[in-house]
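**Student:** Take this structure, written in structure tokens, and hold onto it; I'll ask about it next.
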Amino acid sequence: YISIIKKMNKTITIIIGILALILIAHFSALTIKSVESNPDEIEPGETASISVKLENNENIDLEDISVSLDLNNLPFSSSNSEELIDIDEDDDEKVELEIKADKNANSGVYKIPVNIKYEKNNQKLERTSYASIIVNSKPILDVIVDNNLILKNSKNTIELRIINKGLSDV
């Protein structure tokens with residue numbers, strides 16, 4: 001009875017190992033080496049470049065790889081938010097995509113999904129990574145003294161207004 005259980009455990013271990021190798025081989029064809037934004041901080045209305053470096057670990061060429069930015073519900077726009085590339089076997093490629101922060105974008109850190117879609121052995125595969133970009137602008141403060149009448153030897157009130165002419169909140 002114990003020898004049967006040992007043989008079953010050995011068989012199950014071998015099957016799990018084979019499945020793990022198949023999964024690793026299946027998903028390691030295309031590797032995302034890096035995702036960067038340049039510059040990593042922009043003001044509303046300015047542009048930045050999202051750079052995605054991909055590596056083909058296969059012994060076959062990969063064609064029609066789609067690299068796209070998902071800008072839905074984010075304060076960015078792009079004229080080229082998707083690019084199609086081919087990567088030769090055991091090679092890497094870099095994709096540059098431009099984004100522009102909306103003029104009314106709030107200051108903060110934004111994570112932009114970078115979607116990579118490709119086909120291997122007639123099977124559609126997809127990966128997602130993220131590029132972080134900071135939208136920030138310096139506030140521009142102005143102080144205005146309202147026309148007040150100041151009388152000598154009396155209690156006076158002066159009204160000051162502080163106005164933010166910048167795009168960021170204070």
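**Student:** Would you kindly derive the ³J(HN,Hα) couplings of segment 114-128 from the backbone phi angles with the Karplus curve 6.51 cos²θ - 1.76 cosθ + 1.60 (θ = phi - 60°), listing them in order in whole Hz, with x for Gly and Pro?
**Tutor:** 10, 9, 10, 10, 7, 10, 9, 6, 6, 10, 7, 10, 9, 9, 10
**Student:** Computed over the Cα atoms, what is the radius of gyration of segment 76-170 divided by 2.2 N^0.38 Å, N being its residue count?
**Tutor:** 2.11
**Student:** Mind jotting down the distance between the C-alpha centroids of segment 105-120 and segment 39-64, whole Å?
**Tutor:** Going from one Cα centre to the other spans 10 Å.
**Student:** Looking at segment 91-170, which trypsin sites (Lys or Arg not before Pro) are in a loop (DSSP not H, G, I, E or B) and have at most 12 other Cβ atoms within 10 Å? Intermediate results must be reported in sequence, preceding the final value.
**Tutor:** On the way: sites: Lys94, Lys100, Lys103, Lys111, Lys117, Lys120, Lys124, Arg127, Lys152, Lys155, Arg161, Lys165; in loops: Lys103, Lys152, Lys155, Lys165.
Qualifying residues, ordered by number: Lys103, Lys152, Lys155, Lys165.
**Student:** OK, next. Pairs Lys94/Lys138; Lys117/Lys138; Lys33/Lys124; Lys53/Lys111: which exceed 28 Å Cα-Cα?
**Tutor:** Distance filter (> 28 Å) returns Lys94/Lys138; Lys117/Lys138.
**Student:** Hey, rough spin-label estimate for Asn80 and Leu125, points 7 angstrom out along Cα→Cβ, what's it come to in nanometres?
**Tutor:** 2.6 nm
Throughout, read-outs are computed from the coordinates displayed, never taken from laboratory work. Because the structure is predicted, anything quoted here is derived from the model rather than measured. Glycine gets a Cβ as well: all are built from the backbone with ideal geometry, and neighbour counts include every protein chain shown.
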